[in-house]
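What follows is a single structure, written as structure tokens, with notes after it.
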Amino acid sequence: MTGSRMTRIALALAAPALALVTAFLITSLVLILAGDDWLGVWSQILSWPTNRTMVNIVNSATVYYLSAVAVAIGFRMNLFNIGVDGQYRIASFAAAWVAGEALLPGPLNIVLALLAGMFVGAMWAGIAGLLRVTRGVSEVISTIMLNAIATAVVAYLLRKVAVREEGSNIISTKPLPEGSRIPGIPFLGGEIYGFVVIAVIVGIAYWVLLNRSRFGFDLRAAGQSESAAVASGINVKKMMLVTMLMSGAIAGLVGLPLLFGQAYAYGSTFQSGLGFAGIAIALLGRNHPIGIAIGALLFAWLDQQSNPLQILLDVSPDIVKVTQGVIVLTVVIAYEVVRRYGVRLEQRHVAAALDPQFQQKEVSA
Amino acid sequence: MRRLNKLTAAAAVTALVFAGAGCSKKSSDDESAAGEDCVEKGDVKVGMAFDVGGRGDQSFNDSAAKGLDKAACELGFEVKDAEAQDGEPESAREERLQQLVDAGYNPVVAVGFAYSASVGKIAKANPDVNFAIVDDAVEGENISNLLFAEEQGSFLVGAAAALKSETGTIGFVGGVDTELIKKFEAGYKAGAKAADPKVKVQSVYLSTPPDFSGFGDPAKGNTAATGMFEKDADVVYHAAGGSGGGVFQAATDAKKWAIGVDSDQAKTADESVRDSILTSMTKNIDVAVYDFLKGVEGDDIKTGPQVYDLKSDGVGYSTTGGHVDDIKDKLDEYKQQIIDGTITVPSK
């Protein structure tokens, strides 16, 4: 059986490789058509990063990873949580506000803020979950709308609690007290977010929960076939709601590496759009904790390595957005192509095993 | 199995080709085109980091680019610019500044208050490099803050609005509710009241931070201005960047007046709406940027806050179209009084 196992692994790797190559080809085509130095672009992007860039890649991948895991939990249950973007922003704001108020001393304050972020993220996603199970509202629609509402709510609340520095246009929550910051981990002469540890724990917990628990089994079963799940006694509605809450709770963590490791406050320059990157990365990583990690590193790599393009080559870094977009498209197509190929391969094996004449027939046909 | 091998082999080969391409060559830097009357390139390299929008936004960034290009031509500076992306993390801004420094650019000019923290940090890490930041007061020994007395210019267009209004009601459309835009509003109101104590001023902001869409949404600008025109206003001043186009459209449709901002918009706005632009409050970022760069050439860099006001021609009002010719004397009188200090314009 080792032969078929090898085939499975090769097939699993073929799809992302195919997608990557296609994405590179299409991006190169765009660059060539635009008359840009496409070789120069790739030599910058594929060159080994400087230590400083490496630190940024790891940091940015940490944030992407959490976002993608939040999306992936929903995907496994057949729920498309587009609202991670709104959930993480409102949760980051809540966590920043709680931490800034410094209700508890030092590390306890961090724990409180983490819980506050997860709670708010879960509640915000829970609205969509509740609407889905009670009124049948598609979570795709409700979470998109909740994203817009989150923007408005955060803008409104930020003004209520914000502190403004004299002469500055940036408004933000009260900065975290020194003792409530998560110290960085030394790495290549720089520091990566201490939050990396939490991201790894989230990844392991995600895997254990889905693959080694009754709950995970129910979740995957309900995701694959609702009717079969109902028949085997799973309360699908409850599962949906719980999945949304969990997805939202993880989404609540997405902005926190930035909050505790870099920005120390939630303000008008806080990074946005992380939820959408998470969708792409979850797709790319096929909802697998390791796959997602690779996808997150790849996206972070492309982002960070493209930063100097404008300075070195006068090419807008937006070009990697094209690459990232094409990767997501091609990865979906490639998985399907490879899946069909795998199915055909299997059918042929089965047919060959059952009918010794098969080979000859095929030739004569 | 055979086909699969072919497939993966093809993929692997292609991947290798690309990886191989990675080590081939590093292309040389582009030649920035030098105009005919420009002096020869010297060895000063200036880096500029733009805010979101970058070159071509017909507003804020373009104004800074104008100053940079002028310096490139007249002072023979080699220039390089890079722009920000929407919603980018703080580390991306720091990276951009640091990479300009690494590539040998000194001084480095950051355009916009979003760079506040990153300029503070990168300037500290590179004490030998000079930094300038537009519209922000972040402190540092090697930082020049290019600030503007927007309230003074706004005072003049506020006075113009009140003098031109027949209904006694005028409007203000702010892009995003920030400290910066509040300065425009405060000056505008003060100018209007000075010219006509009974004037009524309607104010609206298109968005609130962290939502910065109010600087780039003409539809919002149009709705806000149309609402004001329907409620009796007949002159509306916008300090809303790209949303201003909607304000001009609303004024054209309602056959009322609009007032432009930052640059002389009667020259830069869409042709179909130029006739509705009464005047514009000009904020000459290009002058400030050029001044700073000239200081670099003369080895006379002024660090700390450099405030560009009416006196230094950093702000003012435009007369394109001739719509304010009849009140020009009055406006220039106010201008003189502000310069003399007889009138102090509030900034909040």
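The values are calculated or read from the model by the stated rules, or taken from the named source; none is laboratory data. Quick caveat, the model's predicted, so the values are computed rather than measured. All Cβ positions, even for glycine, are placed from backbone atoms using ideal geometry, and neighbour counts span all protein chains on display.
Structure above, values below:
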{"read-out": "Filter result for A:GLY179 (part of a helix (DSSP H, G or I) and farther than 28 Å from A:GLY285 by Cβ)", "value": "yes"}
{"read-out": "Segment B:78-93, residues that are in contact with a Lys or Arg (Cβ under 8 Å, 6 or more places away or on another chain) and either under 13 Å from B:ASP51 (Cβ atoms) or at the interface with chain A (Cβ under 8 Å from one of its Cβ atoms) (or both)", "value": "B:LYS80, B:ASP81, B:ALA82, B:GLU83, B:ALA84"}
{"read-out": "Qualifying residues in segment A:246-275 (those that are buried (at least 24 other Cβ atoms within 10 Å of the Cβ) and among the polar types (S, T, N, Q)) - the one farthest from A:ALA162 (Cα to Cα)", "value": "A:SER247"}
{"read-out": "Given (1) more than 29 Å from A:ALA116 (Cα to Cα); (2) among the polar types (S, T, N, Q); (3) within 12 Å of another protein chain (Cβ to nearest Cβ), number of the condition A:GLN271 does not satisfy", "value": "(1)"}
{"read-out": "Single condition A:VAL208 does not satisfy, out of (1) surrounded by fewer than 17 Cβ atoms within 10 Å (Cβ to Cβ); (2) of a type in the set (Val, Ile, Thr); (3) within 14 Å of chain B (Cβ to nearest Cβ)", "value": "(3)"}
{"read-out": "Subset of segment B:94-107 that is facing chain A (nearest Cβ under 7 Å) and not acidic (Asp, Glu) - its residue that is surrounded by the fewest Cβ atoms within 10 Å (Cβ to Cβ)", "value": "B:ALA103"}
{"read-out": "Criterion: farther than 20 Å from B:GLY56 by Cβ and surrounded by fewer than 20 Cβ atoms within 10 Å (Cβ to Cβ) - qualifying residue of B:LYS231, B:LYS267, B:LYS183, B:LYS220", "value": "B:LYS231"}
{"read-out": "Number of the condition not met by B:VAL129 [criteria: (1) under 26 Å from B:VAL307 (Cβ atoms); (2) over 22 Å from the mean Cα position of the chain (by Cα); (3) touching a residue at least 40 places away in the same chain (Cβ under 8 Å)]", "value": "(3)"}
{"read-out": "Looking only at segment A:303-345, and only at residues there that are acidic (Asp, Glu) and not in a helix (DSSP H, G or I), the one that is nearest to A:ILE279 (Cα to Cα)", "value": "A:ASP318"}
{"read-out": "Test for B:ASP43: is it away from chain A (no Cβ under 14 Å) and more than 19 Å from B:LYS283 (Cα to Cα)", "value": "yes"}
{"read-out": "Of residues in segment B:185-240 being assigned to a loop (DSSP other than H, G, I, E, B) and within 19 Å of the chain's Cα centre (by Cα), the one farthest from A:ILE170 (Cα to Cα)", "value": "B:ASP217"}
{"read-out": "Filter pass, A:LEU39 being more than 25 Å from A:TYR335 (Cβ to Cβ) and either within 9 Å of another protein chain (Cβ to nearest Cβ) or part of a loop (DSSP other than H, G, I, E, B) (or both)", "value": "yes"}
{"read-out": "Unique residue being assigned to a helix (DSSP H, G or I), touching a Gly at 6+ places or on another chain (Cβ under 8 Å) and either modelled with pLDDT of 90 or more or outside the structural domain of A:VAL161 (by TED's automatic domain parsing) (or both) when the list is A:ALA300, A:ALA353, A:ALA296", "value": "A:ALA296"}
{"read-out": "Test: A:SER60 is of a type outside the set (A, V, I, L, M, F, W, C), buried (at least 24 other Cβ atoms within 10 Å of the Cβ) and in contact with a helix residue (DSSP H, G or I) (Cβ under 8 Å, 6 or more places away or on another chain)", "value": "yes"}
{"read-out": "Test: residue in segment B:145-162 that is within 14 Å of another protein chain (Cβ to nearest Cβ), more than 22 Å from B:SER318 (Cα to Cα) and touching a residue at least 40 places away in the same chain (Cβ under 8 Å)", "value": "yes"}
{"read-out": "Pairs, first more than 22 Å from B:GLY295 (Cβ to Cβ) in segment B:96-124, second among the acidic types (Asp, Glu) and in a loop (DSSP other than H, G, I, E, B), C-beta under 8 Å, six or more apart", "value": "B:ALA114/B:ASP51"}
